[in-house]
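Structure record follows, encoded as structure tokens.
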Amino acid sequence: MEKKTLRDIKVSDKHVLVRVDFNVPLGKLTGKITDDSRIRGAIPTIQYLIDQGAKVILCSHLGRPRGRVSEGLRLAPVGERLSQLLGKPVKCTPDCIGTEVKRGVSEMKSGDVLLLENLRFHPEEEKNDPEFARSLARLADVFVNDAFGTAHRAHASTVGVADYLPAVAGFLMEKELEFLGKAMADPARPFAMLVGGAKVGDKIGLLENVLEKVNSLIIGGGMAHTFLKAQGYDVGSSPVENERLGFARGLIEKAARRGVRLLLPTDAVVAAEFSAGSTHKTVSLTNVPDDWMILDIGPQSIRSFGDELKGCKTIIWNGPMGVFELAPFRNGTTAIAKLLASLDATTIIGGGSTAEAIAELGLADRLTHVSTGGGASLEFLEGKTLPGVAALLDC
Ligand code: AMP
């Protein structure tokens, strides 16, 4: 990797400020953590620092408090869960900067873990305010960024602190950059990208960038409607981004010029309404009835996408194949997920809704890498430099 990591610096007895991504989902009614995988994801870095005798100061955001204290978004429940996972006490501070925090930090012993309060209780965090960044940096000797999920944001705790402290990547950040980086820079071929999700507009940068690199581009989900319409299909009442039809045509032509195999669905599950209880049926793409909308790919598309993917050595998947949140329309996403889990290939899942679907299916362990960052992995795959990564020391 081009960036320094935790292994490249001395941390024993040092105060180490670690930016983690503890932005865990909370139950709407209970306020309890419903999925602790982001906390688990940070354990290798935290445990390594404890074992090295560092004084570990963790900081994170949680939710969107918009620069104000929000009682429901305090990090104490995360601290409790972390303490259970580490098997040792984790002290939580009432704020992330200020006198009380400084006192807590000065009382730390080697191997102690302290969790600072939600960074986004201060508006200065998201504004990347230099004074706020300096106050955070003053707590420590070294900065470790392990929050890949927020690396696409230039905030005080992801970019600003690196102006004042030596900054390196944690193990989760390193893993994300290695898997995504190798797949994009030097993939085992054939290399396929499977793109789905709601809209073409959200994935223009991704489609343009990957077209330069892949052997196959497979498009499903809601965004396929625009590509299908661009090819002259009638997609019934499925939403189409008419302003993107030109882009879709251009991409199809460019794929043909570059010898990239571009696959679109050939059949679909269509429904009269956007609801789980709606009447639905499977039809060929030449037969989508007026007033019906496409909510999933059909069995023939699953087969043709699957046949293409079976021959590939590297596959990146971003975006579900249908409305997987509604049971009658999750078959395409489920079938493709199961297929990827069975392949002897490097299989990488971009974060966000695709990662959610994979987690629900319990397949995460059978894929090479499931990214923890939705927006961050999308920007990385678009070929953008993530500010939180750029801020780290070069090797
Ligand atoms: P994204 O975050 O861009 O990956 O989009 C994910 C969303 O796309 C999910 O909430 C899916 O329900 C939605 N989606 C996938 N396929 C379709 C479709 N055919 N029609 C409408 N929404 C879809």
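The values are calculated or read from the model by the stated rules, or taken from the named source; none is laboratory data. Since the structure is predicted, the reported quantities are computational estimates derived from the model, not experimental observations. Neighbour counts are summed over all protein chains in view; Cβ atoms, including those assigned to glycine, are modelled from backbone coordinates with ideal geometry. For the accessible areas, the whole protein counts, side chains as well, though only heavy atoms, and no ligand, DNA or RNA atoms are used. Shrake-Rupley method; radii C 1.70, N 1.55, O 1.52, S 1.80 Å.
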Exercise. Do we have any residue at all in region 287-296 that's at pLDDT 95 or above, aromatic (F, W, Y), within 14 Å of the ligand (Cβ to nearest atom) and touching a Lys or Arg at 6+ places or on another chain (Cβ under 9 Å)?
Worked result: yes
For this session: Could you grab me the full set of residues in region 324-355 that are within 16 Å of the ligand (Cβ to nearest atom), open to solvent by 30 Å² or more (accessible area, probe 1.4 Å) and either over 26 Å from L211 (Cβ atoms) or in a loop (DSSP other than H, G, I, E, B) (or both)?
Result: E325, L326, A327, P328, R330, N331, G352
Exercise. Is it true that some residue in region 140-151 is on the phi < 0 side of the Ramachandran plot, in contact with a Lys or Arg (Cβ under 7 Å, 6 or more places away or on another chain), within 16 Å of the ligand (Cβ to nearest atom) and not polar (S, T, N, Q)?
Worked result: no
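Residues are listed down the side, and each one gets a yes or a no for (1) more than 15 Å from the ligand (Cβ to nearest atom); (2) touching a residue at least 60 places away in the same chain (Cβ under 8 Å):
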site	(1), (2)
R258	yes, no
E273	no, no
T282	no, no
P299	yes, no
G322	no, yes
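In this structure, does K55 turn out to be of a type outside the set (A, V, I, L, M), closer than 19 Å to L114 by Cβ and in contact with a Ser or Thr (Cβ under 9 Å, 6 or more places away or on another chain)? Can you show your working first?
Details: of a type outside the set (A, V, I, L, M): yes; closer than 19 Å to L114 by Cβ: yes; in contact with a Ser or Thr (Cβ under 9 Å, 6 or more places away or on another chain): yes.
In short, yes.
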For this session: Could you identify the single residue in V90, V78 that is open to solvent by less than 10 Å² (accessible area, probe 1.4 Å), at pLDDT 95 or above, under 21 Å from L26 (Cβ atoms) and not hydroxyl-bearing (S, T, Y)?
Result: V78
Exercise. What single numbered condition from (1) closer than 30 Å to K127 by Cβ; (2) crowded, with 17+ Cβ neighbours inside 10 Å; (3) away from the ligand (no atom under 16 Å from the Cβ); (4) not assigned by TED's automatic domain parsing to the domain that holds A137 fails to hold for L206?
Worked result: (3)
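Any residue at all in region 114-132 that's more than 25 Å from the chain's Cα centre (by Cα), open to solvent by less than 60 Å² (accessible area, probe 1.4 Å) and under 17 Å from K14 (Cα atoms)?
Of region 114-132, the ones more than 25 Å from the chain's Cα centre (by Cα) are 114, 129-132.
Restricting the remaining residues to those that are open to solvent by less than 60 Å² (accessible area, probe 1.4 Å) gives 114, 129, 132.
From what's left, under 17 Å from K14 (Cα atoms): 114.
Scanning region 114-132 turns up at least one residue that is more than 25 Å from the chain's Cα centre (by Cα), open to solvent by less than 60 Å² (accessible area, probe 1.4 Å) and under 17 Å from K14 (Cα atoms).
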Seminar exercise, completed: Inside region 223-233, the number of residues satisfying the requirement of being surrounded by fewer than 14 Cβ atoms within 10 Å (Cβ to Cβ) and either in contact with a helix residue (DSSP H, G or I) (Cβ under 8 Å, 6 or more places away or on another chain) or assigned to a helix (DSSP H, G or I) (or both) is 1
